[in-house]
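Below is one structure; the comments refer to it alone.
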Amino acid sequence: MEDYKREFIDFMVESNVLKFGEFTLKSGRKSPFFMNAGAYVTGYQLKKLGEFYARAIHDNFGTDFDVLFGPAYKGIPLSVVTAVAFHDLYGKEVKYCSDRKEAKDHGADKGNLLGYQLADGDRVVMVEDVTTSGKSIDETYPKVMAAADVEVKGLIVSLNRMEVGKGGKVTAQQEIQEKYGFPVASIVSMEEVVEALDGSLITPELHAAIDEYYAQYGVK
């Protein structure tokens, strides 16, 4: 496992973003782990978060893109801090763009987009916190494609929960890849989290609970 991946796992735990216990997800599933990217609130945390995203994007998609698109709301700060980090780490200027929940009908920046206004030919990398069902991308992808004739190079999320998607056969990330035709990558996967924390934060009892969860909600 790359060093920055292990550092990111420790960072999620230290920031109280990744927690273990008993949680009820929006889907109704009872999960032994929970991730809340909204817990990144300090300047230091946001700076580090952008750096982790930038490294993962560089590893998975390279530098051949122009825009970072972050779906509202959590994707807005993600796209901003990642654009800053990409400039600092790789010397490449990329723009940030997000969608608005409600279109703005006044001022000089009317429309559905916040930040950079997409243009024909732009190459876009989308940034999300976590993908469980793909619902967010289903809502925002049409907005991106309606704004201009762009090429989506891929989607990056911080944690791949590795859960079965809506179709019941492959993971949610794989469903997105198959549906939209662009690759989906993550900074880390739950498999890597368990590997890194097994025997320390993840006790034998917790490990058993995670195994049971994936026996029910993982890909068969």
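Quick note: the coordinates plus some simple rules give every number you see, no bench work behind them. Note that the structure is a prediction, hence the values are computed from the model and not measured. As a convention, Cβ positions derive from the backbone with ideal geometry for all residues, glycine included, and neighbour counts pool all protein chains shown.
Structure notes:
- Fully extending the segment from E139 to E195, taken as 0.36 nm per residue of separation minus the present Cα-Cα distance, adds 16.8 nm.
- DSSP beta bridges in the chain [antiparallel fraction, %, rounded to 5]: 35 percent
- Full-extension gain in nm, Y73 to Y44, via 0.36 nm per residue minus C-alpha separation: 8.4 nm
- Here the alpha carbons of segment 107-187 define both size measures, Rg and Dmax, at 13.7, 47 Å.
- Largest-first principal axis extents, alpha carbons of segment 17-60, Å: 34, 27, 16
- For the chain, the square roots a ≥ b ≥ c of the C-alpha gyration tensor eigenvalues yield an a/c of 1.5 or more together with a/b exceeding b/c, which makes the shape prolate.
- Shape of segment 39-81, Cα gyration tensor, a/c cut at 1.5: oblate
- Toward the positive end of the charge dipole of the chain, with +1 on the Cβ of Lys and Arg and -1 on the Cβ of Asp and Glu, the farthest Cα among T42, G115, V84 is that of G115.
- FRET efficiency for A148 and L89, using Cβ-Cβ distance with R0 set to 41 Å, rounded to 0.05: 0.90
- Under a Gaussian network description of the chain, with springs only between Cα atoms under 10 Å, the residue in A83, A54, A196 that fluctuates furthest is A196.
- Nearest 10 degrees, 0 to 90: helix 75-90 Cα axis against the chain principal axis: 80 degrees
- Above-threshold pairs, the threshold being 29 Å between Cα atoms, out of K19/K179; K5/K143; K101/K169; K5/K92; K48/K135: K19/K179; K5/K143; K101/K169
- Linear extension gain, D3 paired with F23, 0.36 nm per residue minus alpha-carbon span: 4.3 nm
- Residues in segment 31-57 that a label on E212 would reach, taking backbone N under 13 Å of a point 7 Å out along Cα→Cβ: 31-33
- Each semi-axis of the equivalent ellipsoid for segment 1-75 is √(5λ) with λ an eigenvalue of the Cα gyration tensor; in descending order they amount to 24, 16, 13 Å.
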